[in-house]
Amino acid sequence: MRTPYPMMRRFAALAAVLFLMALPVDGARAEEGHSHGAAPRTISVAPRTEARIGNQEAVLAYDRGKLVLFLQRYTDGQPTSGAGIEMTIDFVPVRFEEVAPGTYVASDVMLAAGRNELELAYKIGDREGTDTLVLNMPQSSTETTASRRMNTPGTAVSGLLLAAIALAIYAGTTALLALRSRTA
């Protein structure tokens, strides 16, 4: 005896298989107490950026309202003393003072959260020039927490479940169109 709706049987079988595939599998999860060790930690001193100026390496760090520039020879790491360093921040010139060999500091500097493009003007020995450094500042902790709260979904839906739903809609639409074409 032939079933009047063979397409509906196939659709039901497909839907059952997709539903079973979307169910979580307990054996695939790690057992209680199972650990792969502590997660690697990243130590960040402060927001910083680096640049290479000829045979020199410049590292610029921002900490509590101060910009600190470390200047050294790229090849051997020898600090560079006696350089003239000036930076333009939001069209305001800021002068750096040498506080130790190869260490230059500019005080009372305010940077906005996000991307800051800083124009560095330097005179190192007989070499003069400019370079643009990009310093990315983190958001404040209250803004970061609020944005995380808004962007985090309440419940996570499995991608496999969404694919199963899409396939079920496609199969149902195809079945309805097939039935409609037979009766017409």
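Please treat every number below as a calculation from the coordinates, not as lab data. The shown structure was predicted, so the numbers you read here are calculated from the model rather than taken from an experiment. For neighbour counting, all protein chains shown are included, and Cβ atoms are generated from backbone atoms with ideal geometry for every residue, glycine included.
Restricting the calculation to alpha carbons of the range 48-142 gives Rg and Dmax of 13.0, 47 angstrom.
The gain in end-to-end length when the Glu119 to Thr103 segment is fully stretched comes to 4.0 nm, 0.36 nm per residue minus the alpha carbon separation.
Computed over all pairs of different Cα atoms, the Kirkwood value for the hydrodynamic radius of the range 88-141 is 12.8 Å.
Contour minus end-to-end for Arg127 and Asp90, with contour as 0.36 nm per residue of separation and end-to-end as the Cα-Cα distance? Working shown, then result.
Working: separation 37, 0.36 × 37 = 13.32 nm, distance 2.50 nm.
In short, 10.8 nm is gained.
So, in nm, how far is label Asp76 from label Ala168 when the simple model puts each one 7 Å beyond its Cα toward the Cβ? Each label point lies 7 Å from its Cα, and together they span 7.3 nm. Restricting attention to the range 63-123, which trypsin sites (Lys or Arg not before Pro) occupy a DSSP loop and are surrounded by at most 14 other Cβ atoms within 10 Å? Taking the range 63-123 and a limit of 14 other Cβ atoms within 10 Å, the loop trypsin sites (Lys or Arg not before Pro) found are Arg64.
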